[in-house]
Structure formats: C-alpha cells, structure tokens
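A quick write-up on the structure given underneath.
The values are calculated or read from the model by the stated rules, or taken from the named source; none is laboratory data. Everything numeric in this text was worked out from a predicted model, so none of it was measured. Neighbour counts run over all protein chains shown; Cβ positions are idealised from the backbone, glycine included. The accessibility values were calculated without ligands, DNA or RNA, using every heavy atom of the protein model including side chains. Shrake-Rupley method; radii C 1.70, N 1.55, O 1.52, S 1.80 Å.
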Amino acid sequence: MPDFPAGFRWGVSTSAYQIEGATTVDGRGPSIWDTFAREPGRIVDGTTGDEACDHHHRYAEDTALLAGLGVSAYRFSISWPRIQPTGAGPALTAGLDFYDRLVDGLLAAGVDPVATLFHWDLPQALEDAGGWLNRDTAARFAEYADVTAARLGDRVKLWITLNEPFIHMSLGHGMGVHAPGRVLLFDAFPVAHHQLLGHGLAVAALRARTASPVAIANNYSPVRPAGDSDADRAAAAAYDALHNRLFTDPLLGLGYPDAPGVDPTVVRDGDLDVIAAPIDVLGVNYYNPTGIRAPEEGSPLPFEIVLLDGYPRTAFDWPVAPDGLRELLLQLRDRYGDALPEIQVTESGCAYDDAPDAQGRVNDPERIAYLDGHVRAVHEAIGAGVPVTGYFVWSLLDNWEWAEGFTKRFGLVHVDYPTQRRTPKSSYAWFRDLVRR
Ligand code: BGC
C-alpha cells in the first residue's frame, strides 16, 4: 500500500437505528423506521431495529473495538427521537447523556467523534405532520441541531448534517422501499429541497454553537450508459443529474441542475442562499457505479437501471468497482473546481456472507480485497490533485441493514445477534495494520 499524507483521517462509520437497539429507553420517541419495520412485508427477514447490535448498552465494548482498530475517527449518528421524542421542543437530558458518554469514551480512547445528525430516523410525530414533504421539518431540524450542539459542540470534531439525502428521497419517498414508504416518484422533489434547506439552516445553527468543521454526507455513483445510443446517453445524463448533482450543485452555489422532478415552485426566495452556506468538508459515500439504459415505452421514469456486466459482485449483488471511486472523485474536482471543499470518504464498504469457522474465526478475504482496491483508488485521486483527507469504512459492526434486516453483513467485526458476541474479522486486522502504517 502506498503512503498517505500525514494526518489523513482513517475511520469507521455506523448509524443509530442500525446498531443502537434500546428503542424505548430514556424517553426516546418512535421514529419512522420503528413504524415502517413493523409493517408486514417491508423488511425481508421480518426483523426490526428494536435490539440491533444492542450498542446502546454495549457502547463501551464497541469503543474498545475502535481503540483496538487504532482508527483516528468514528462516525456515528445521533438518533433525533432520543433527543426530541416528537421532533420539537426541549432536548431530553437522558438522550443527550448517552451521546455525552459515548463522545467522552471516544476522546479518552484517542478517537475523534464524528457525529451525523440525521441518518434517516425521523421522529414519527414529524412524519405525521408531513415529514420532509413539509417545509416546517427543515426548521425543526435546525432546532434539533442547535440543542444537540449546545451539549456536544465542544467535543465533536466534525459535524455531518444529513446522511445521503438522495437515498432518503429516492428509496424512502420515491420508490417506497425505505421508511416512510411513500411512492411519489418525482413528486418527491420537496423532500430533496426541504432536506437541503434543513441542512443549510442547521449549518448556521451549528456555526453558532461550535468551531468544529461542518459537512454533509452525499451518496455518489458514477453512471455508465448501457450502450452507445443517444437514448442511452440521455437516460444516463438524466440519472446522473438526479443522483450525483441534485444534492451537490445547490450546496456549492450552482442552484438546481436540470434533473427530473425539479419543481421551482417549491423553492422560495432566499432558499438557495441558505442551502449554499459554505461547508468545510464534503462527505462522499460510495459503493458502486450504476448502469443505465433508455426506458421502455410508457415507463414513468426517464431511465432504467441495469446490472453492469463484468464485475465481481458482493452479497448485495453490487458490482465491485474501485475505479468508480477514483472516477467520481475526479469528476467532482472537474465539475466543481475551486468551489469543491475538502473531501472525506465517509462510507465505503461491502456485504459478504461472513460466518465463523470451526475455530470461531471469521475470514473475509473478499472484504480485504474490496477495501484494498478502494483505498488505492483514493490514493490515486489524491495523486491527481483531489483534496481527499479521510476514509471511513462502512461499517465497524455487522448491523441492521434497513429493508434487508440482518441478512447483509458489512462489518469489520462479526456480530452473532442471538448472543451479541462480537468477533473481529480478518479485515479488522488488515485495516488495523493499514492504519498503523
Ligand atoms: C447508508 C448505510 C447503509 C449502507 C449500505 C448507505 O447507503 O448510509 O446506512 O447501511 O449504505 O447499504
């Protein structure tokens, strides 16, 4: 492995609903994922995040795993309904206390706390009032950022407002495969705009409470047209605008791109200035490229997603394409030039069906190969002049993978859910050695 610049941030990521469990303690309110997971047929294995990895009780053990890994940062998310059970009003002290203990434990272990404010677990009460379709949710989000940073702002080293607003819009509100399960197709655009507005308002709220840098974590996927036809290329451009530019152009001051669904009547005077509030870091989550071809006659979408041939695949059937990460980092540099802030890769990882062998060891050579390729791709992008200053593996632990329940394992650490036993995989040792170097 080639050398990385001194001070490069190596980390791992998780999110609240996927690991914490303890969904009814300390006055936590219900989130849209508690509701959604209980609806028959939503989650492939019929499970919920009620227990997940029981991290709320086992956070000290998990902090020790982070210390053993030697990472310089840990990206976790804060559960909004633990802080404000109905998404409004004063913060619950007991809810904040949990994150306070976590943050202090991380600092004592020499690990920088990196906190995401919204990783999809909206308080159910806000959803009942329209959720992100309701403009007021943006204001509620800024209030939540304010009360959270009032307590933790002095110790969290990087604040991330939203996680993957594109996925929350498209899977949660466009296609209905994530909570809250709405099927609005392109009528989901207000969800994009109100998340971005909430982000901009939260940036201002955070700046008033903390001197730490502020970021957003977007999901990117380089788009590969299935063929050479003009129709395939046009479909690929439409998908690219939606996935890769809708949530980045306005953040970097360019306004909305010409993407399917963009509805200017939702955008009020001054909104674009709020959204373009300067950020310090752009978080980049990357898993795979997307193949796109022209849609069939009569399709409600201007593109069709196709499986890309010629790549190895993960247990999710996602193509393993480390080059895609280098490509998208260069594309961000070429697209945004001087407007592009520092980048940290805030998620990168893969699911495989890892199981302990007869001796109880978990060998995951595919994950090591996956991470090795993606880390090298980051190094190449840095060499080409892209300002990348960090790389976080998704995920520290096997965890509750949304609509896939417990069927997909992304962790460097295996979790046996019935006993909650944690077993570091061979990829944990590999990453530890990389970080150490
Ligand atoms: C999300 C994670 C998720 C991972 C793997 C990302 O889209 O931020 O919560 O577990 O991908 O699907």
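Of the solvent-accessible surface of the chain, computed with a 1.4 Å probe over protein heavy atoms with every protein chain present, carbon and sulfur atoms account for 52 percent. Karplus-based coupling profile of the stretch 232-238, in residue order and whole Hz: 5, 5, 5, 5, 5, 5, 5, with θ = phi - 60° in 6.51 cos²θ - 1.76 cosθ + 1.60 and x standing for Gly or Pro. The charge dipole of the stretch 9-436, taken about its Cα centre with unit charges on the Cβ atoms of Lys, Arg (+1), Asp and Glu (-1) only, comes to about 1000 debye. Estimated at 0.36 nm per residue, the fully extended path between Arg135 and Ala358 surpasses their Cα-Cα distance by 74.8 nm. Summing Cβ point charges (Lys, Arg +1; Asp, Glu -1) relative to the Cα centre of the stretch 73-186 gives a dipole of roughly 140 debye.
At full extension, Thr86 and Glu61 could sit 6.0 nm farther apart than now, given 0.36 nm per residue minus the alpha carbon distance.
Once the Cβ-Cβ distance of Asp128 and Asp230 is raised to the sixth power relative to R0 = 35 Å, the FRET efficiency obtained is 0.15. According to the square roots a ≥ b ≥ c of the eigenvalues of the Cα gyration tensor, what is the shape class of the stretch 324-410, taking rounded for a/c under 1.5, prolate for a/b larger than b/c otherwise, and oblate for the remainder? Because a/c hits 1.5 or more and a/b exceeds b/c, the stretch 324-410 counts as prolate. The 3J(HN,Hα) values that the Karplus relation (6.51, -1.76, 1.60; θ = phi - 60°) gives for the stretch 18-32 are, in residue order, 6, 10, 6, x, 6, 7, 10, 8, 6, x, 4, x, x, 10, 4 Hz. Gly and Pro appear as x.
Secondary structure note: in the chain, about 20% of the DSSP beta bridges are antiparallel.
Relative to the Cα centre, the charge distribution of the stretch 315-437, modelled as +1 at Lys and Arg Cβ and -1 at Asp and Glu Cβ, gives a dipole magnitude of about 460 debye. The mean sequence distance of close C-alpha pairs (under 8 Å, at least 6 residues apart), as a share of the length of the chain, puts its relative contact order at 17 percent. Taking all protein chains into account, the per residue accessible area for the chain stands at 36 Å² (1.4 Å probe). Available extension along the chain between Thr93 and Arg313 is 74.7 nm, counting 0.36 nm per residue and deducting the alpha carbon span. For Ala204 and Asp338, a Förster radius of 22 Å and the Cβ-Cβ distance give a FRET efficiency of 0.45, rounded to the nearest 0.05. Here's the picture: a label point sits 7 Å out from the Cα of Asp154 along the beta-carbon direction, and within the stretch 100-136 the residues with their amide nitrogen under 16 Å of it are 100-105, 107-108.
Running Debye on the chain with equal point scatterers at the Cα sites and no solvent, what base-10 log of I(q)/I(0) appears at q = 0.08, 0.10, 0.11 Å⁻¹? Here log10 of I(q) over I(0) equals -0.41, -0.66, -0.81. Just report the Cα centroid separation between the stretch 272-317 and the stretch 182-252, whole Å. Using only Cα atoms, the two centres lie 10 Å from each other. Free of any GluC sites (Glu not before Pro) that DSSP assigns to a loop and that have at most 11 other C-beta atoms within 10 Å, the longest stretch within the chain is 1-295.
Taking the centroid of alpha carbons for each part, the stretch 50-98 and the stretch 358-430 are 20 Å apart.
Amide H contacts under 5 Å for Ala226: Ile292, Arg293, restricted to partners 5 or more places along the chain or on a different chain, H placed in the peptide plane at 1.01 Å from N.
Along the stretch 165-182 the Karplus relation, 6.51 cos²θ - 1.76 cosθ + 1.60 evaluated at θ = phi - 60°, assigns HN-Hα couplings of x, 5, 5, 5, 5, 6, 7, x, 10, x, 9, x, 9, 10, 4, x, x, 7 Hz to successive residues, with x for each Gly and Pro. Taking label positions 7 Å along the Cα-Cβ direction at both Asp104 and Ala6, the computed distance is 3.4 nm, reported to one decimal.
In the stretch 9-436, taking the dipole from charged Cβ atoms about the Cα centre, the farthest positive-side position among Phe166, Leu340, His55 is held by His55.
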